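Remarks on the structure that follows.
The values are calculated or read from the model by the stated rules, or taken from the named source; none is laboratory data. The structure displayed is predicted, hence computed values, not measured ones. Because the Cβ atoms are built from the backbone with ideal geometry, glycine has one as well, and the counts that use them run over all protein chains shown. Surface areas here come from the heavy atoms of the whole protein model, side chains and all, with no ligands, DNA or RNA. Shrake-Rupley method; radii C 1.70, N 1.55, O 1.52, S 1.80 Å.
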Amino acid sequence: MDGNRTPALEVEDLTVAYSDQPVLWDVDLTVPVGDKMAVVGPNGAGKSTLVKAALGLVPAVAGEVRVFGRPFVRGRGEIAYVPQRAGLEWDFPTDVLDVVTMGTYGGLGWFRRPGKAERERARAALDEVAMSEFERRPIAQLSGGQQQRVLLARALVQSAPILMLDEPFQGVDAPTERAIVAVLDRLSGEGRTVIVVHHDLQTVPEYFDSVLLLNVRAIDAGPVDEVFTEDNLRLTFGGRVGVLAQLAATVDRAR
Amino acid sequence: MDLLGDYTLRMVALGSGILGAVAGALGSFAYLRRQSLVADALSHAALPGIAVAFLLTGSKTPLPIMLGAAVAGWLATLAVRLVVSRSRVPYDSALGMALAVFFGLGLVLLTVIQKRPDAAQAGLESFLFGQAASLLRDDVIVMGLLGAASLGVLAVLWKELKLLAFDGEFGASLGRPVRRLDGLFTLLLVIAVVIGLRTVGVVLMSAMVVAPAAAARQLTDRFAPMVVIAAAIGVVSGVGGAVLSSVVPHLPTGPTIVLVLSAIVLAALLGAPRRGLVWRWVRLGRLQPSAALDPVLMHLYALSRQHPDEPDHGHGLAVLRTMSPAGADVERALGDLEARGLAQPVGDGLWAPTAIGRREAERTLRRQTGGEP
């Protein structure tokens with residue numbers, strides 16, 4: 001694509017450690033505007049951590065994140081985040097519309113309450129994920145696929161130029177998976193940038209334009225047809241123990 | 001008995017009511033954040049602060065005592081944060097440790113103070129279980145001001161604190177200072193504890209925070225109503241306990257309030273529509289004789305076991321018809337299962353058992369086979 005455009009997201013030298021164990025090591029990543037990128041890697045490769053660290057939700061040991069060329073600051077509405085469904089308290093006493101309306105809180109500032117306009121936007125987002133008829137349903141009564149659609153709608157409401165989704169296809173039914181894919185296609189068609197932590201290797205070429213192969217380090221990143229090769233996949237999914245041991249030694253020396 | 005005139009009862013009822021409202025409303029947030037133990041630790045940790053405040057001022061005037069309690073509670077949360085961030089001790093264990101250490105220290109200080117010859121210390125142990133009958137107008141005014149302030153903060157930061165309770169990480173992604181909000185909320189809990197010192201005391205205080213929320217959660221599926229109901233339950237228990245303990249001689253106010261509260265919680269746990277135990281029994285009772293007649297649920301469950309990683313993986317009518325005897329009204333059975341919350345459509349005409357449906361199917365299997373499914 002045109003290389004002189006400012007990328008949507010740039011990650012430089014990002015390193016994250018949990019209690020001295022490196023989870024991400026010196027990750028560089030450039031995501032062009034309008035890209036639809038999968039983040040792929042084995043369990044414990046740091047996929048979710050990459051998303052959270054890019055958003056500043058977990059502290060990074062080192063590294064820099066730029067969004068449209070500027071150092072990233074939360075609260076400017078540039079990145080909408082869809083967390084993992086399983087990490088949420090679904091027995092919370094609230095309904096579908098209310099959860100989606102939370103996506104409008106960022107633009108509301110501290111003291112304004114969501115009003116009619118915000119609820120209308122939330123309804124529109126619910127419509128996009130085909131959940132309109134459930135707007136008054138308590139979230140405790142949703143199926144997994146419905147929960148995932150609600151979380152996607154909450155991100156859509158933010159109208160952010162970049163979306164980061166953590167495992168949106170995990171444990172959802174086939175219609176939900178198709179609905180999510182359709183929404184992601186539309187977003188990228190509108191020039192929005194979509195970054196998805198993904199666990200199903202088979203669907204990567206079908207669903208995504210580009211891929212980041214991650215195993216603590218960034219193994220490779222770029223267009224799917226160039227990067228998504230058997231050699232790269234072997235590098236990413238095999239030999240994990242060796243990589244970690246090597247990294248652990250490096251960290252020890254650095255301390 | 002002459003001393004327990006109308007004035008005393010009015011003060012006690014008012015003070016207990018204020019405590020109930022504040023603890024109930026704040027407690028809803030704490031309960032939903034699974035911070036019940038925090039309330040427990042905060043209130044127990046207040047004891048050494050009370051003792052130190054008394055040692056410094058030599059009197060039991062409310063303000064220094066409240067300040068001491070608040071500072072001690074705050075120090076306890078700082079200690080917990082320090083332990084969690086500097087060691088591998090998990091959060092709940094750190095809370096338990098802080099509770100034990102602070103409360104133990106408080107008891108030691110209390111014992112030391114009581115050995116002193118001067119008479120001013122008399123009654124300091126009432127902060128353990130409260131002594132509402134000694135509430136004066138000034139006490140109640142201070143409690144009212146503190147309560148109004150904390151409920152005011154709750155109202156102003158309503159959507160921020162709700163976000164913090166439901167999905168703090170998402171709140172952070174919107175740019176909200178989640179850590180500072182968390183600190184602020186802890187401060188509000190400390191204030192609730194301070195309000196309850198004279199009424200129910202540090203030991204029973206956690207019940208005032210946790211129990212109304214637990215009961216309210218049984219009664220509603222909506223957020224704002226839950227907070228309001230919890231506050232109302234707090235008020236009813238506070239005032240009810242106060243009145244009861246003034247009518248029946250020798251009944252201590254604090255423990256009576258907590259007993260009234262417990263009765264309400266028990267009633268809600270048993271009798272609440274949908275979530276209550278009785279409601280479940282009734283529904284299960286309806287289910288039990290027909291369990292064998294619900295082969296469709298068992299089929300759905302059997303099919304869903306083929307996809308253990310995808311609990312929502314659905315199956316179509318055609319498959320279920322094939323599994324059922326000819327002429328069985330599969331569609332009606334599915335409608336019936338959905339109405340009872342045991343199965344749900346997952347789109348494209350596909351059906352899957354709900355979590356409850358899976359549990360009931362497993363239970364039926366266990367009944368039939370006498371073993372694990």
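Which strands (runs of 3 or more DSSP E) does the range A:189-238 wholly contain that include 1 or more residues that are touching a strand residue (DSSP E or B) at 6+ places or on another chain (Cβ under 8 Å) and within 22 Å of A:Ala179 (Cα to Cα)?
Hits in the range A:189-238: A:193-197, A:210-215.
Rundown of residues vs (1) within 9 Å of another protein chain (Cβ to nearest Cβ); (2) within 22 Å of B:Ala343 (Cβ to Cβ); (3) not in a loop (DSSP other than H, G, I, E, B), yes/no style:
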| site | (1), (2), (3) |
| --- | --- |
| A:Asp91 | yes, yes, no |
| A:Val100 | no, no, yes |
| A:Tyr105 | yes, no, yes |
| A:Trp110 | yes, no, no |
| A:Arg119 | no, no, yes |
| A:Arg123 | no, no, yes |
| A:Gln147 | no, yes, yes |
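Output the helices (runs of 4 or more DSSP H) that fall wholly within the range B:89-193 and possess 2 or more residues being within 14 Å of chain A (Cβ to nearest Cβ) and open to solvent by less than 50 Å² (accessible area, probe 1.4 Å), or say none. Lay out the reasoning, then the answer.
Numbers: elements: B:91-114, B:126-129, B:137-156, B:158-173.
Here the list reads B:137-156, B:158-173.
Name, by its number, the condition in (1) in a helix (DSSP H, G or I); (2) more than 10 Å from every other protein chain (Cβ to nearest Cβ) that does not hold for A:Gly44.
Failed condition: (1).
Working carefully through the options B:Gly234, B:Gly240, B:Gly201, find the one that is open to solvent by less than 20 Å² (accessible area, probe 1.4 Å) and more than 26 Å from B:Ala51 (Cα to Cα). Working first, answer last.
Values: B:Gly240 fails: open to solvent by less than 20 Å² (accessible area, probe 1.4 Å); B:Gly201 fails: more than 26 Å from B:Ala51 (Cα to Cα).
So the residue among B:Gly234, B:Gly240, B:Gly201 that is open to solvent by less than 20 Å² (accessible area, probe 1.4 Å) and more than 26 Å from B:Ala51 (Cα to Cα) is B:Gly234.
Is it the case that the range B:63-76 has a residue that's out of contact with any Asp or Glu (no Cβ under 7 Å at 6 or more places or on another chain), within 14 Å of chain A (Cβ to nearest Cβ), at negative phi and without any contact (Cβ under 8 Å) to a residue 24 or more places away in the chain?
Of the residues in the range B:63-76, the ones out of contact with any Asp or Glu (no Cβ under 7 Å at 6 or more places or on another chain) are B:63-76.
From the residues that got through so far, the ones that are within 14 Å of chain A (Cβ to nearest Cβ) too are none.
Within the range B:63-76, not a single residue is out of contact with any Asp or Glu (no Cβ under 7 Å at 6 or more places or on another chain), within 14 Å of chain A (Cβ to nearest Cβ), at negative phi and without any contact (Cβ under 8 Å) to a residue 24 or more places away in the chain.
Pick from the range B:348-367 the residues that are outside any helix (DSSP H, G or I) and either more than 9 Å from chain A (Cβ to nearest Cβ) or free of Cβ contacts under 8 Å to residues at least 40 places away in the same chain (or both): which of them is least open to solvent (accessible area, probe 1.4 Å)? Full working, then the answer.
The first filter runs over the range B:348-367 and keeps only residues outside any helix (DSSP H, G or I), leaving B:348-354.
Now drop any that are not either more than 9 Å from chain A (Cβ to nearest Cβ) or free of Cβ contacts under 8 Å to residues at least 40 places away in the same chain (or both), which leaves B:348-351, B:353-354.
Values: B:Asp348: 107, B:Gly349: 52, B:Leu350: 49, B:Trp351: 37, B:Pro353: 3, B:Thr354: 20 Å².
Among residues in the range B:348-367 that are outside any helix (DSSP H, G or I) and either more than 9 Å from chain A (Cβ to nearest Cβ) or free of Cβ contacts under 8 Å to residues at least 40 places away in the same chain (or both), the one least open to solvent (accessible area, probe 1.4 Å) is B:Pro353.
Of the residues B:Ile65, B:Ile50, B:Ile141, B:Ile113, which is out of contact with any helix residue (DSSP H, G or I) (no Cβ under 7 Å at 6 or more places or on another chain) and in the same structural domain as B:Arg179 (by TED's automatic domain parsing)?
Working: B:Ile65 fails: out of contact with any helix residue (DSSP H, G or I) (no Cβ under 7 Å at 6 or more places or on another chain); B:Ile50 fails: out of contact with any helix residue (DSSP H, G or I) (no Cβ under 7 Å at 6 or more places or on another chain); B:Ile113 fails: out of contact with any helix residue (DSSP H, G or I) (no Cβ under 7 Å at 6 or more places or on another chain).
Exactly one residue qualifies, and that residue is B:Ile141.
Quickly run through the range B:219-231 and pick out the residues that are more than 10 Å from chain A (Cβ to nearest Cβ) and surrounded by fewer than 19 Cβ atoms within 10 Å (Cβ to Cβ).
The answer is B:Val228, and nothing else.
Every residue, every condition in (1) at pLDDT below 95; (2) assigned by TED's automatic domain parsing to the domain that holds B:Gly123; (3) closer than 27 Å to A:Val99 by Cβ; (4) under 18 Å from the mean Cα position of the chain (by Cα), yes or no:
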position: B:Arg176; (1), (2), (3), (4): yes, yes, yes, no
position: B:Gly183; (1), (2), (3), (4): yes, yes, yes, no
position: B:Thr199; (1), (2), (3), (4): yes, yes, no, no
position: B:Ser206; (1), (2), (3), (4): yes, yes, no, yes
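In the range B:29-67, what count of residues is obtained for those that are within 24 Å of the chain's Cα centre (by Cα) and more than 24 Å from B:Val210 (Cβ to Cβ)?
Let us first name the residues in the range B:29-67 that are within 24 Å of the chain's Cα centre (by Cα), namely B:29-47, B:66.
Still in the list and also more than 24 Å from B:Val210 (Cβ to Cβ): none.
Selection size over the range B:29-67: 0.
Return the residues of the range A:149-168 that are open to solvent by 10 Å² or more (accessible area, probe 1.4 Å), part of a loop (DSSP other than H, G, I, E, B) and not polar (S, T, N, Q); say none if nothing qualifies.
Restricting attention to the range A:149-168, the residues satisfying the condition of being open to solvent by 10 Å² or more (accessible area, probe 1.4 Å) are A:149, A:156, A:158-159, A:161, A:167.
If we keep only those that are part of a loop (DSSP other than H, G, I, E, B) as well, we get A:158-159, A:161, A:167.
Hits for the range A:149-168 are A:Pro161, A:Glu167.
Filter the range A:61-89 for residues that are open to solvent by less than 30 Å² (accessible area, probe 1.4 Å) and within 11 Å of chain B (Cβ to nearest Cβ) and give the result. It would help to see each step written out before you state the result.
Applying the first criterion (open to solvent by less than 30 Å² (accessible area, probe 1.4 Å)) to the range A:61-89 yields A:65, A:67, A:78-83, A:88.
Matches in the range A:61-89: A:Glu78, A:Ile79, A:Ala80, A:Tyr81, A:Val82, A:Pro83, A:Leu88.
Condition check: away from chain B (no Cβ under 13 Å), in contact with a strand residue (DSSP E or B) (Cβ under 7 Å, 6 or more places away or on another chain) and surrounded by fewer than 24 Cβ atoms within 10 Å (Cβ to Cβ). Does A:Val181 satisfy that?
Details: away from chain B (no Cβ under 13 Å): yes; in contact with a strand residue (DSSP E or B) (Cβ under 7 Å, 6 or more places away or on another chain): no; surrounded by fewer than 24 Cβ atoms within 10 Å (Cβ to Cβ): yes.
No.
Scan the range B:68-88 for residues that are over 24 Å from the mean Cα position of the chain (by Cα) and exposed (fewer than 15 other Cβ atoms within 10 Å of the Cβ) and report the count. I'd like the intermediate steps shown before the answer.
So in the range B:68-88, the residues over 24 Å from the mean Cα position of the chain (by Cα) come out as B:68, B:82-83, B:85-88.
Narrowing the set further to residues that are exposed (fewer than 15 other Cβ atoms within 10 Å of the Cβ) leaves B:82, B:85-88.
Here the count works out to 5.
Quick check on the range B:35-67: of everything there that is open to solvent by 30 Å² or more (accessible area, probe 1.4 Å) and closer than 30 Å to B:Phe166 by Cβ, which residue is modelled with the lowest pLDDT? Even if it seems obvious, please write down each step before you answer.
The first filter runs over the range B:35-67 and keeps only residues open to solvent by 30 Å² or more (accessible area, probe 1.4 Å), leaving B:36-37, B:40, B:52, B:55-64, B:67.
From the residues that got through so far, the ones that are closer than 30 Å to B:Phe166 by Cβ too are B:36-37, B:40.
Working: B:Ser36: 86, B:Leu37: 89, B:Asp40: 91.
By that ranking, first place goes to B:Ser36.
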